Amino acid sequence: MSKNWPLWEIFVRSKNGLEHRHFGSLHAADAEMALANARDVYTRRSEGVSIWVVESKHITASNPADNGELFEPAQDKVYRHPTFYDLPDEVKHM
Amino acid sequence: MNNKDLYNYILGIADNSLILGQRLGELCGHGPTLETDIAGTNISLDLIGQTRSYYQYAAKIQGEGKSEDDIAFLRLERDYKNVLLVEQPNTHFGYVMGRQYLFDVYHLLLMQGLANSADETLAAIAKKGIKEVSYHKRFSGDWVKRLGDGTEESNEKMQEAIDDLWTYTDELFDLTESDEKMISEGIGVDASAFKNQYYDEVTALLKEANLQVPEGKYFIRGGKKGVHSEHMGYLLADLQYMQRTYPNMEW
């Protein structure tokens, strides 16, 4: 039975003001069931205030073989890296 | 005992939650999918959590120094006052969801009434339970619709389940002597008063689920008086085994 159900990716917002974060994936027949299942699997101990579900097939992923060109910028161009600023302590979640 | 009617009234409500919770607990690790397995176990835990609150209160009223565990594990079959509906076996997933739904609709109406009880403790337990029970009903009702309105096979199985379970629904609205006394004191909820509302709501969902509403007028009753079906003994054997074999054992 479960092997016929599509896979869904579950995003949960832990509290207001934070962004939705990927929590995991589960199987469900449709979006409504995915929401119900996500509630039971991931948020039963007050872990969240909002859930998004996205069918996994709708996610386009980068290819690990392309990591070099995608994620490794030239390290000698220091001006690209905003490391010269001091963040005040009050700014969280940066 | 300080108030035997109140004690009986509490057990009448709590035993339903305990026995249904035990039934769902039997399915832990055996659900059709990981997700539905967790959902069923969650509902079981909700019900057993509610049961604990009721039994703790009942033990206090009883005033014999007994604990919630004594009430849960050390009574004889005839002393359990749950309705027959909740002790019916886990025949198949559709049956489990049908049983759950037919109980949940009743359960929510009862909790909503009990939240206005003159007894503050019962009102508080009910208020806390309403959110949980609303979710139970949403979950079970959703599955009844999915299976009823699913394939030919799922529709057939769901229909058979509803036809069978239907015969246990009328008992939900029977009033015992203790029920009537508690209603007259503003503590209890008159379940017979929301019987029509119950059947209207269930009928609407069954129609939406492409299921026939059973027309039979023959109903089975007895659980509220302690006269249970043949399944109850096996369920209690499981439930009581640890306390009977190792008296006073604790985790």
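The values are calculated or read from the model by the stated rules, or taken from the named source; none is laboratory data. What you see is a predicted model, and the numbers here were worked out from it, not measured in a lab. Glycine also receives a Cβ, built like all others from the backbone with ideal geometry; neighbour counts cover every protein chain displayed.
Report whether or not residue B:63 is among the small types (Gly, Ala, Ser) and within 14 Å of chain A (Cβ to nearest Cβ).
It is false that residue B:63 is among the small types (Gly, Ala, Ser) and within 14 Å of chain A (Cβ to nearest Cβ).
Beta carbons closer than 7 Å, at least 6 apart along the sequence or on distinct chains, pair a first residue in region B:21-38 that is farther than 20 Å from residue B:103 by Cβ and facing chain A (nearest Cβ under 9 Å) with a second that is part of a loop (DSSP other than H, G, I, E, B) and of a type in the set (Gly, Ala, Ser) for B:35/A:28.
Of all the listed residues (A:13, A:21, A:44), the sole one being surrounded by 10 or more Cβ atoms within 10 Å (Cβ to Cβ) and more than 14 Å from the chain's Cα centre (by Cα) is A:44.
In region B:175-210, of all residues being surrounded by fewer than 18 Cβ atoms within 10 Å (Cβ to Cβ) and within 13 Å of residue B:117 (Cα to Cα), the one that is nearest to the chain's Cα centre (by Cα) corresponds to B:190.
Within region A:47-69, the set of residues being more than 14 Å from chain B (Cβ to nearest Cβ), surrounded by fewer than 18 Cβ atoms within 10 Å (Cβ to Cβ) and in contact with a Ser or Thr (Cβ under 8 Å, 6 or more places away or on another chain) comprises A:49, A:56.
The selection criterion, being more than 14 Å from chain A (Cβ to nearest Cβ), assigned to a helix (DSSP H, G or I) and either under 26 Å from residue B:135 (Cα atoms) or touching an Asp or Glu at 6+ places or on another chain (Cβ under 8 Å) (or both), does not hold for residue B:69.
For residue B:168, the criteria (1) surrounded by fewer than 17 Cβ atoms within 10 Å (Cβ to Cβ); (2) in a loop (DSSP other than H, G, I, E, B); (3) not aliphatic (A, V, I, L, M) hold in every case but one, which is (1). Taking residue A:83 as the residue in question, decide whether it is among the β-branched types (Val, Ile, Thr), over 19 Å from the mean Cα position of the chain (by Cα) and either modelled with pLDDT under 85 or surrounded by 13 or more Cβ atoms within 10 Å (Cβ to Cβ) (or both). The answer is yes for residue A:83.
Yes or no, residue by residue, for (1) assigned to a loop (DSSP other than H, G, I, E, B); (2) more than 12 Å from every other protein chain (Cβ to nearest Cβ):
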residue: A:12; (1), (2): no, yes
residue: A:15; (1), (2): yes, yes
residue: A:18; (1), (2): yes, yes
residue: A:23; (1), (2): no, yes
residue: A:34; (1), (2): no, no
residue: A:45; (1), (2): yes, no
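Filtering region B:211-224 to residues that are within 19 Å of the chain's Cα centre (by Cα) and either closer than 20 Å to residue B:22 by Cα or at pLDDT below 95 (or both) leaves B:222, B:223, B:224.
Is it the case that region B:23-39 has a residue that's among the basic types (Lys, Arg) and surrounded by 16 or more Cβ atoms within 10 Å (Cβ to Cβ)? Checking region B:23-39: at least one residue is among the basic types (Lys, Arg) and surrounded by 16 or more Cβ atoms within 10 Å (Cβ to Cβ).
Somewhere in region B:78-91, is a residue in a loop (DSSP other than H, G, I, E, B), away from every other protein chain (no Cβ under 14 Å), more than 27 Å from residue B:189 (Cβ to Cβ) and at pLDDT below 95? Looking for residues that are in a loop (DSSP other than H, G, I, E, B), away from every other protein chain (no Cβ under 14 Å), more than 27 Å from residue B:189 (Cβ to Cβ) and at pLDDT below 95, one finds none in region B:78-91, hence no.
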